[in-house]
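Below is one structure; the comments refer to it alone.
The values are calculated or read from the model by the stated rules, or taken from the named source; none is laboratory data. Note that the coordinates shown come from a computational prediction; the quantities given were computed from them, not determined experimentally. Every residue, glycine among them, receives a Cβ derived from its backbone with ideal geometry; neighbour counts consider all protein chains shown. Quick note on the areas: whole protein, heavy atoms, side chains included, nothing else; ligands and nucleic acids left out. Shrake-Rupley method; radii C 1.70, N 1.55, O 1.52, S 1.80 Å.
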Amino acid sequence: MNKFTMGCGVLLAILLFIVVIAAIALGGSYNGLVRLQQTVDQSWAQVQNVYQRRADLIPNLVNTVSGAANFEKSTLTEVTNARASVGRVQLDPNKAPTDAAQLEQFQAAQGQLSNALSRLLVVVERYPELKANQNFLGLQAQLEGTENRISVERGNFNTAVQNYNVAVRSFPTNLIAGMLGFPPRPFFTAQGGAEKPPPVQFNFGPAPTPAANLNQGAAPTPATAASP
């Protein structure tokens, strides 16, 4: 065996070694991105679940509130229409969106429903019979818990998206992420007034009556002489 043949063999061995190392690195990066992507999609599914739970509560809430005498029908119509608008935003519940505009549209529809629902619950304050209705109280408690779950799951989703995006944009993974179909994912963003939770807490006690109003129009109470 001459030196040329030996040199070619060594070169081929080196090239094969490089190819194997590159394949292992590529496979490791790909598997890591898949795991992070699955975490994002799982978090998105949880977000969808809690939003759906809220949507499922609304028909019962509307039916309960609509039974109150002279209740503002426009408020109920607003909630119903907002819920329908949410249903028209079609997103895959099992795969997080890659288009920021789609997520923004979804968030805007959910925000519209949150605002309409908040106004409904504020109007309820004017109806003592609703605030004493056990069915309504149960729905109110479930709604409060659902709003808390929405906040938690949105935070978990944003954390998962952050971890995924960091991996996608970091070297050397960013060199292969685009080729392998791993685009960055958009975050949920805070809306105006989002720092204030929906007013789902109620003051179920009677409103205090000022002393001046209690005594207004009443005859003055004559002083009673002290007994000797």
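Beta carbons closer than 8 Å, at least 6 apart along the sequence or on distinct chains, pair a first residue in segment 154-183 that is without any contact (Cβ under 8 Å) to a residue 24 or more places away in the chain with a second that is open to solvent by 40 Å² or more (accessible area, probe 1.4 Å) for Asn165/Pro184; Arg169/Pro184.
Quick grid of which residues meet (1) over 15 Å from the mean Cα position of the chain (by Cα); (2) in a helix (DSSP H, G or I):
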residue	(1), (2)
Leu33	yes, yes
Val40	no, yes
Gln46	no, yes
Arg54	no, yes
Thr80	yes, yes
Asp92	yes, no
Ala96	no, no
Gln105	no, yes
Gly111	no, yes
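Residues in segment 190-199: is at least one at pLDDT 50 or above, surrounded by 13 or more Cβ atoms within 10 Å (Cβ to Cβ) and at negative phi? Yes, because at least one residue in segment 190-199 is at pLDDT 50 or above, surrounded by 13 or more Cβ atoms within 10 Å (Cβ to Cβ) and at negative phi. Answer yes if at least one residue in segment 144-151 is under 19 Å from the mean Cα position of the chain (by Cα), small (Gly, Ala, Ser) and not in a loop (DSSP other than H, G, I, E, B), and no otherwise. Yes, there is a match, as at least one residue in segment 144-151 is under 19 Å from the mean Cα position of the chain (by Cα), small (Gly, Ala, Ser) and not in a loop (DSSP other than H, G, I, E, B). When Leu130 is tested against (1) under 19 Å from the mean Cα position of the chain (by Cα); (2) buried (at least 18 other Cβ atoms within 10 Å of the Cβ), just one condition goes unmet, and that condition is (1).
Kindly establish whether Tyr164 is of a type outside the set (S, T, N, Q), open to solvent by less than 30 Å² (accessible area, probe 1.4 Å) and at pLDDT 90 or above. Judged against the criteria, Tyr164 is a match.
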